[in-house]
Amino acid sequence: MLSPTEDFVQLLTPEGELVDHPEYASEFTDAELRGLYRDLVLVRRIDAEATALQRQGELGIWASLLGQEAAQVGSGRALGPKDHVFPTYREHGVAWCRDVDPLRLLGLFRGVNTGGWDPEAHKFHLYTIVIGAQTLHATGYAMGIQRDGLVGEGNAEAVIAYFGDGATSQGDVNEAFIWASSFQAPVVFFCQNNQWAISIPTDKQSRVPLYQRARGFGFPGIRVDGNDVLAVHAVTRAALDRAREGSGPTFIEAFTYRMGAHTTSDDPTRYRIAAEVEAWKLKDPIERLRSFLVRQGKADQAFFDEIAEESDQLAKHVRTGCLEMADPEPLSMFDHVYAEPHPPLQAQRDSFAAYLASFEGGHE
Ligand SMILES: Cc1ncc(C[n+]2csc(CCOP(=O)(O)OP(=O)(O)O)c2C)c(N)n1
């Protein structure tokens, strides 16, 4: 088996030094680099606040992105305004890049809505809990774009599907690869290999590095340092360009690490050792960009203070907004299940309404 860093695109080392790569380069203005730093910090703060809110009983569950900020912000900022995103349930950083208010995400995890945002308005589809299913949705959508003549010169659009290392073991994902390859669909498969599918490590799931699997399906696979926001951006942008020009799918394996628990219902100390987590701390995506900005004199203390202040304000917005969310009417859960009237569902609704009415001061 290859070592993780062999055949691995990296532009910024964990120490914050730029490295040359024959194919990919970091092409950012200083203001853009500071913008990426701001995104990373704010996204981490949203995540920390949501985790705290769950611990205080305000959210039913939360899937933390801690450690995966660069994979999400790097790829999210590489998207064009017309590109469509099909996420799993941990893509809060990509949602941020698509201008989805974090409160919309929290509503879903608080259970006050069943989706939360308009997928069309943000070109960011709803979270998917069924592992890997969205890769098929993304491929179908990409084939639609292709048939609408939106690939190639001019008006081109692309699609990106996010999923984890565990998802690559699912039938749906492998079917999506075959369809995308056969039809040269304009889709990028973005796998965040955070090393664990709940308690199953990646090397138990695949005998070869994940990115090498793509070759068997007939399209390129690339492994990128998923904690290096610059490399992730460069690799994703190239893959999206490739999709838009009609050259078909690309598989990106962003090699990263889930620093926290799988969700707030999980206890990772039961299946992974502390030394592993400590080793990954040294590769922190935010620290390496901060070191780079400081060393190169691209950001001063005033800038970092400003981001810290903005981060506090955002945390307040998230907390206050979450606590103010109104509980939905219990019977509203029967709305929008089917487009047309549906007798068995109506019967369930009636029965639940009668149950609610049986309480003193009942609902109906
Ligand atoms: C079809 C399906 N099977 C099983 C599950 C239960 N499940 C939830 S998360 C998960 C592991 C996913 O791991 P990975 O794809 O690596 O994503 P990560 O959560 O690490 O980002 C599983 C098996 C599910 N949600 N859907």
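The values are calculated or read from the model by the stated rules, or taken from the named source; none is laboratory data. Keep in mind that what you see is a predicted model, and the values were worked out from it rather than measured. In this analysis, Cβ positions are derived from the backbone assuming ideal geometry, glycine residues included, and neighbour counts consider all displayed protein chains. When the accessible area is computed, the model is the full protein with side chains, heavy atoms only, and any ligands, DNA or RNA have been set aside. Shrake-Rupley method; radii C 1.70, N 1.55, O 1.52, S 1.80 Å.
Condition check ((1) of a type in the set (Lys, Arg); (2) farther than 28 Å from residue 230 by Cβ; (3) at pLDDT 95 or above; (4) touching a strand residue (DSSP E or B) at 6+ places or on another chain (Cβ under 6 Å)) across all residues:
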{"site": "263", "(1), (2), (3), (4)": "no, yes, yes, no"}
{"site": "267", "(1), (2), (3), (4)": "no, yes, yes, no"}
{"site": "270", "(1), (2), (3), (4)": "yes, yes, yes, no"}
{"site": "287", "(1), (2), (3), (4)": "no, no, yes, no"}
{"site": "301", "(1), (2), (3), (4)": "no, no, yes, no"}
{"site": "310", "(1), (2), (3), (4)": "no, no, yes, no"}
{"site": "319", "(1), (2), (3), (4)": "yes, yes, yes, no"}
{"site": "325", "(1), (2), (3), (4)": "no, yes, yes, no"}
{"site": "328", "(1), (2), (3), (4)": "no, yes, no, no"}
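Here residue 64 clears all of (1) of a type in the set (Gly, Ala, Ser); (2) assigned to a helix (DSSP H, G or I); (3) touching a Ser or Thr at 6+ places or on another chain (Cβ under 8 Å) except the condition numbered (2). As for region 232-244, it holds at least one residue that is crowded, with 24+ Cβ neighbours inside 10 Å, hydrophobic (A, V, I, L, M, F, W, C) and in contact with a Pro (Cβ under 6 Å, 6 or more places away or on another chain).
Considering every residue within region 319-333, establish whether at least one is farther than 18 Å from residue 113 by Cβ, outside any loop (DSSP other than H, G, I, E, B) and touching a residue at least 12 places away in the same chain (Cβ under 8 Å). Yes, region 319-333 contains at least one residue that is farther than 18 Å from residue 113 by Cβ, outside any loop (DSSP other than H, G, I, E, B) and touching a residue at least 12 places away in the same chain (Cβ under 8 Å).
Of the helices (runs of 4 or more DSSP H) lying entirely inside region 109-226, those containing at least 3 residues that are open to solvent by 10 Å² or more (accessible area, probe 1.4 Å) and within 16 Å of the ligand (Cβ to nearest atom) are 133-147, 171-183, 202-205.
When region 251-282 is limited to residues that are of a type in the set (Val, Ile, Thr) and under 15 Å from the mean Cα position of the chain (by Cα), the one that is farthest from residue 184 (Cα to Cα) turns out to be 263. Candidates are the residues of region 27-60 that are within 17 Å of the chain's Cα centre (by Cα) and within 16 Å of the ligand (Cβ to nearest atom); the one that is most open to solvent (accessible area, probe 1.4 Å) is 51. If you check residue 24 against the conditions, is it out of contact with any Gly (no Cβ under 6 Å at 6 or more places or on another chain), more than 25 Å from residue 324 (Cβ to Cβ), of a type outside the set (Gly, Ala, Ser) and assigned to a helix (DSSP H, G or I)? So residue 24 fails the test.
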